[in-house]
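Okay, structure first, notes after.
The values are calculated or read from the model by the stated rules, or taken from the named source; none is laboratory data. Since the structure is predicted, the reported quantities are computational estimates derived from the model, not experimental observations. We place every Cβ from the backbone using ideal geometry, glycine too, and count neighbours over all the protein chains shown.
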Amino acid sequence: MIWESVARSASLFVLSVLLILGPAAAATAASSAAVYGSTSGFIPESHSDMITVVYTIPGHSGGLFDQSVASFTDTSTEIIFIGNDADFSNKTASAIEQAVWNGKILVIGYPATGKFGDSLPVNSESPSSEASSTLVVTSLNNGVAREVFSGLNKTFTVNEPVAERLTGTVKPGSVSLMSFNNGDPALVYRQYGSGYVVEWMFAAPETYLGTDVADSITYGAVKSLLTSMKGSTTPVTTVATTAVPTTTLTTLPATQETTVTAKTGNAIIQSNPLGARVYVDGIYQGKTPFELDDLPTGYHSVRMTLDGYYNFDGSAYIVEGKTITVFGSLQEAPLTTATSQATTVVTPVITTAAPTTTPSSAGDALASPTVIAAGIGIITAGIGAYATIYTHKEKKE
């Protein structure tokens, strides 16, 4: 009996420990990742406790990537690595961008960046052949930079000069983590919708920085942003909601003077494809891409329109003192719809001034240029009809 009591007590103790540790174990479960081509130096085997690669497609297999893009955009996939080449389709790139916008982390390296645009943290220019042998850490006061480069050097002399690399300017709101010694960006990240994009401006950083350093930098950036994304509770942009929060108005006494400071924020408006007409709260603002300043905080309706595409309807939440990105992905309309729209032509009505005098006789009326033109048209049509009848008659005879 004593041993049974002890065994029962031990079982209850173990069960209690499992119940207590269960949520904690779930909270520390490894994040899933999908890879196309390369991981920009990240070594999955070294961090299997944090990140587990569940899907891999080798580089230069763009057709397979196109067929399997659903595995990358699946809700269970939290991190996407893309590198080596840009052999995949624009449609696949758009699907990846939308998935990142909805809440994923994308790590992408040159030249795969050639298929992306709106989501990238750098406005890309032409590739550079100017070799650079030094990379410098920038934005040391940034939280992500502090976590990434903690314990690492702040200046790196690469194993061999980086020759082929992408150049460009850092977009507003993006953060440069590393740059070349001439100031060109080398590693940049930005928040994109509910997700993040980390962009390497050259391929295979492990070749130049060494495997350990490249792995440490890429892993540090992903880990920091993943923690930030999962721990963030501030809404950035909601594109699938039409609900507008109710506002309670307070009536102040007429004798009370109050000074109200408007709370505003900014928004970068982008779309895929570019050139969409944008209406915020029903008011036309311009064509994408552009930036809107001093928008009142709170929700605003956003509509984007483009010929040949379905309208995009959504909303954006403006945060006080912050700059958010509003992105709309417009779906191409069916060919029949586009054709019918294209064939609908509106002929402008040309209005001419009325004559100052009214013809007073039949002679004056016949002298009118309009009547003369109409008469010539009738005569010409009659000649044409007669010629046609006469020709048929000749053939019959």
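Can you name the condition, by its number, that Thr237 falls short on among (1) at pLDDT 90 or above; (2) crowded, with 20+ Cβ neighbours inside 10 Å?
Failed condition: (1).
Can you report the number of residues in the stretch 275-300 which are under 12 Å from Thr323 (Cα atoms) and of a type in the set (S, T, N, Q)?
So the count comes out to 1.
Can you go through Tyr219, Tyr208 and tell me which one is farther than 15 Å from Ile79 by Cβ and more than 22 Å from the chain's Cα centre (by Cα)? Talk me through it step by step, then tell me what you get.
Working: Tyr219 fails: farther than 15 Å from Ile79 by Cβ.
Every option except Tyr208 fails the conditions.
Would you pick out the residues in the stretch 150-166 that are within 21 Å of Leu120 (Cα to Cα) and surrounded by fewer than 17 Cβ atoms within 10 Å (Cβ to Cβ)?
Glu164
Quick check: is even one residue across the stretch 214-221 in contact with a strand residue (DSSP E or B) (Cβ under 7 Å, 6 or more places away or on another chain) and in a loop (DSSP other than H, G, I, E, B)?
no
Return the residues of the stretch 94-118 that are modelled with pLDDT of 95 or more and in contact with a Lys or Arg (Cβ under 9 Å, 6 or more places away or on another chain); say none if nothing qualifies.
Ile96
Give the stretch 79-110 a look and list any residue that's touching a helix residue (DSSP H, G or I) at 6+ places or on another chain (Cβ under 7 Å) and among the acidic types (Asp, Glu), or say none.
Asp85, Asp87 - these are the residues of the stretch 79-110 that are touching a helix residue (DSSP H, G or I) at 6+ places or on another chain (Cβ under 7 Å) and among the acidic types (Asp, Glu).
Taking the conditions exactly as written (at pLDDT below 95, surrounded by 13 or more Cβ atoms within 10 Å (Cβ to Cβ) and touching a Ser or Thr at 6+ places or on another chain (Cβ under 8 Å)), does Thr264 satisfy them or not? Outline the logic, then answer.
Values: at pLDDT below 95: yes; surrounded by 13 or more Cβ atoms within 10 Å (Cβ to Cβ): yes; touching a Ser or Thr at 6+ places or on another chain (Cβ under 8 Å): yes.
For Thr264, the condition - at pLDDT below 95, surrounded by 13 or more Cβ atoms within 10 Å (Cβ to Cβ) and touching a Ser or Thr at 6+ places or on another chain (Cβ under 8 Å) - is met.
Which of the residues that make up the stretch 152-165 are part of a loop (DSSP other than H, G, I, E, B) and under 16 Å from Thr211 (Cα atoms)?
Filtering the stretch 152-165 down to residues part of a loop (DSSP other than H, G, I, E, B) leaves 152-154, 163-164.
Selection gives Leu152, Asn153.
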